[in-house]
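What follows is a set of notes on a single structure, which appears directly below.
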Amino acid sequence: MKPRTRNAIVACTALATILPAPIANAADEQAVETMVLEEIVVTSRRRAENLQSVPDSVTAFGSQAIERAGIDDVQDFVDLTPNISMRETFRAGVTFITIRGITTGQQGWAPVTYVVDGVQAGSLDAINQGALTDIERIEVLKGPQGALYGAGAIAGAINIVTKKPTNEMEYKAQASYGSGNDMKLSGVVSGPLVEDRVLFRLGAYYRNTDGVIESTDGDGLDYEEQISLKGRLLFDFDALTIDVRGAYSDVTAGAAAQEIVASPDLIDNFDTPGPARGVRGEEKREFKEFSAKIDWDMGGGTLTSVTGYSDIEQDLFGSASWQKGPGVGLFGPFGGPTDAFNDFFQDLADNFETFTQDVRFASNSDQRVRWLVGLSYMDRRVDNLLSVGGLLQGLEKDEGDMVRLLYRPDVRKDEIWGGYGQVSVDVTDRLELTGAVRYDTNNYNAIQYTDLSYTTPVPTPDGIITQKAKNSRWQPKIQLSYDWSDDVMTYVTYAEGFRFGFFNTGNLTAPEDTKNYELGLKTTLADGRVRLNGALFHIDYSDQQFTSVIGEAPFRLTTNVPQANINGGELEVSALLTEELEFSGGLGVTDAKIKGGQRSPGTPEYSVNLSLTYTRELGDGWDLISRADYRRQGTMMLWDGAGGVFEVEEKDFLNLRLKLRHDNWFIGAFADNLTNEQQANDFGSVGFGYLRANSLPRVIGVEAGFSF
């Protein structure tokens with residue numbers, strides 16, 4: 001282990017074991033008695049439970065923590081969670097999430113099940129939609145959760161809970177302005193339509209930014225304009241509640257902002273000219289979502305039905321040479337010289353239409369044997385277009401100037417059925433045994449066509465018109481937890497994870513499996529002022545799905561790594577050091593290696609998270625709130641399709657926030673990535689250089705808001 005790595009781990013471990021200072025006198029003792037960490041209630045096991053009583057590794061963020069940390073997208077809370085990382089590459093929908101060494105295969109299923117108010121996302125593209133606003137709680141579950149959440153939860157689950165409609169009128173508005181002329185506006189109104197019976201909540205969000213990743217011409221490549229609207233109706237008829245949600249988002253954003261560098265030695269060198277562009281990439285994304293959740297309290301338990309529908313349309317047009325000007329040096333990828341073209345383009349479409357249905361019955365929680373059973377269904381259609389070619393004259397998407405050298409539309413369909421159940425038994429007052437199992441089956445197929453009319457199919461080289469596959473698997477989970485006292489619990493878990501295979505522009509990627517062993521600890525110390533949780537895990541990983549950069553269409557190659565082993569652990573702590581100062585920290589270590597000893601791709605060897613929040617009462621209703629968030633990410637290996645293996649160095653990221661609050665309004669300032677640290681989110685050889693996707697540079701700004 002490198003000295004920097006060892007020192008970081010030692011420092012974090014030392015900080016994590018710091019307890020509040022000794023009590024000096026009786027007055028201090030009386031003040032300390034009122035200092036208790038806020039109880040966190042989670043629903044990760046499909047019922048409301050205290051975080052400390054759930055025998056799983058769960059990182060949770062309440063509404064106060066979300067506000068103080070400035071969490072407004074998925075990347076923000078991922079960066080505050082140990083043993084999870086996220087890398088955006090050439091567009092927002094292609095986001096590589098890694099949890100405990102299990103990562104993402106392009107065009108495949110995410111390594112986590114992403115759930116918003118009980119509705120499961122139908123694709124990886126549905127996860128990174130943009131802003132997270134009006135959020136009550138975020139739960140990040142690490143370790144396989146397939147027994148309850150289904151195939152796809154091979155590495156964990158992310159549970160997002162939005163704020164419910166209120167029985168009293170409520171108004172909120174917030175605005176911010178930051179680097180790159182980044183303007184964000186959001187607002188919420190909530191209240192009763194019929195008091196106590198019919199409640200509503202409406203929200204709106206708008207963003208307009210020039211972007212902070214600049215081309216050699218000074219143009220922002222990550223520009224964005226987004227408008228989002230959402231509404232919610234809650235019907236409360238005592239034993240029966242009906243929760244109806246709808247949302248719409250329209251996004252126009254920069255895409256394909258990667259940079260070409262000359263040598264693999266430049267993977268961590270950002271003193272380069274920057275991305276050169278003849279064509280500035282742009283992606284249009286449109287999201288439509290509707291869901292209805294029904295809960296019926298039948299006395300002995302609750303019957304729940306969750307119905308969801310989503311329609312995602314995405315169209316990207318950008319450079320495929322990632323350079324500027326004629327004769328850029330490409331030859332092999334498109335089968336001919338480039339002097340005739342002003343630039344090369346890629347024209348991509350990924351459209352997802354998904355219907356989901358989940359029905360379950362859960363027993364009451366206040367009994368010795370607690371159980372639930374359920375059935376789930378998903379029907380999904382994906383329309384995908386991969387087109388590349390040359391631009392004869394202009395630099396815009398003009399069919400008259402476009403010569404298409406590759407045109408590959410295809411349609412993929414999935415039909416998934418699942419059945420599941422879970423039983424938790426209090427064997428004694430201190431010993432709980434939990435068993436869960438799920439069976440999932442997916443019939444999926446893919447057809448390639450000559451054009452977007454979808455009338456003339458193109459057979460595979462083997463003469464097959466419709467490629468078909470079926471994956472089915474049992475996913476068991478068994479846990480034993482023991483309460484050594486009211487404040488100390490340990491648990492042991494065995495679980496099997498599974499993720500479906502998929503077709504990637506006609507190529508079949510096999511499903512993958514894991515066998516997971518975990519030993520965990522949850523403690524509440526110092527009379528409720530300290531929460532210290534930890535876990536150790538081992539994973540046997542079969543047929544790992546892996547995506548790499550290649551220098552020819554479709555530019556991404558997804559394959560399976562036959563066997564890998566993953567060992568690691570997590571340690572998380574929250575502590576009220578004083579009435580005004582709160583500390584939280586996390587350490588994640590992952591040793592992921594494929595058979596033969598080579599490190600698995602896309603997995604940082606460790607991560608360190610440290611946060612300090614200082615709240616000072618200034619009098620007359622004024623509060624000063626400051627927060628610092630530090631993340632250190634260990635080295636990470638990136639692979640490409642040409643056999644290249646590249647190491648990304650250790651990185652340090654620091655965010656600062658300062659807020660002045662008075663009654664119902666606030667003003668503040670923030671700095672994200674204060675030290676302007678950058679890293680390669682993706683890297684690989686494309687024949688005429690190395691393609692690098694860069695992370696965001698430093699962003700500073702101001703914000704203000706009010707509520708009443």
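The values are calculated or read from the model by the stated rules, or taken from the named source; none is laboratory data. What you see is a predicted model; the values in this text were computed from it and never measured. All Cβ positions, glycine included, derive from the backbone under ideal geometry; neighbour counts span all protein chains shown. With ligands, DNA and RNA removed, areas are computed over all heavy atoms of the protein, side chains included. Shrake-Rupley method; radii C 1.70, N 1.55, O 1.52, S 1.80 Å.
Multiplying the residue separation of His538 and Asp462 by 0.36 nm and subtracting their alpha-carbon distance yields 23.3 nm.
Descending by average beta-carbon neighbour count within 10 Å, the peptides 360-368, 114-122 line up as 114-122, 360-368, the highest first. Here the gap between Phe237 and Trp417, fully extended at 0.36 nm per residue and compared with their Cα-Cα distance, gives a gain of 61.7 nm. The packing ranking, built from the mean of other Cβ atoms within 10 Å per residue, places the peptides 170-177, 102-109 in the order 102-109, 170-177, highest first.
If the segment from Lys515 to Thr272 were pulled out straight at 0.36 nm per residue, it would be longer than the present Cα-Cα gap by 83.1 nm.
For Asp483, the shell of other residues with beta-carbons less than 14 Å away shows a net charge of -4, using +1 for Lys and Arg and -1 for Asp and Glu.
The residues of the chain expose on average 41 square angstrom of accessible surface per residue, using a 1.4 Å probe on protein heavy atoms. Computed from backbone phi, the HN-Hα couplings of the stretch 569-582 come to x, 9, 9, 10, 9, 10, 8, 8, 6, 9, 4, 9, 10, 10 Hz, rounded to whole numbers (Karplus: 6.51 cos²θ - 1.76 cosθ + 1.60, θ = phi - 60°; Gly and Pro given as x).
Axis angle, to the nearest 10 degrees, between helix 3-16 and the longest C-alpha principal axis of the chain: 30 degrees.
The stretch 554-708 gives an Rg/Rh value of 1.12, both radii derived from C-alpha positions and Rh following Kirkwood. Each peptide among 240-250, 80-90, 449-459 gets the average number of other Cβ atoms lying within 10 Å of its residues, and from highest to lowest they stand as 80-90, 240-250, 449-459. For the residue pairs Lys172/Lys230; Lys142/Lys595; Lys477/Lys515; Lys515/Lys595; Lys230/Lys288, the alpha carbons lie more than 18 Å apart in Lys142/Lys595.
Label positions at Leu674 and Leu658, each projected 7 Å from the Cα along the C-beta direction, are separated by 1.0 nm.
Nonpolar atom fraction for the chain, defined as the carbon and sulfur part of the 1.4 Å probe accessible area, stands at 55 percent. Over the residues of the chain, the helix contribution to mean residue ellipticity at 222 nm works out to -1500 deg cm²/dmol, using -39500 (n - 2.57) for each DSSP H run of at least 4. The Met298 and Glu168 beta-carbon pair, evaluated with R₀ = 25 Å, returns a calculated FRET efficiency of approximately 0.25. In the stretch 475-591, the ratio of gyration radius to Kirkwood radius, Rg to Rh, stands at 1.16 when only Cα atoms are counted. What the Cβ-Cβ distance of Ser53 and Leu392 gives, at R0 = 60 Å and to the nearest 0.05, is a FRET efficiency of 0.35.
Computed from the alpha carbon atoms alone, the convex hull of the chain holds 161 Å³ per residue. The aspartates and glutamates whose alpha-carbon is closer than 18 Å to the alpha-carbon of Lys470, local same-chain residues fewer than 8 away aside, are Asp379, Asp414, Glu415, Asp440, Glu512, Asp513, Asp543.
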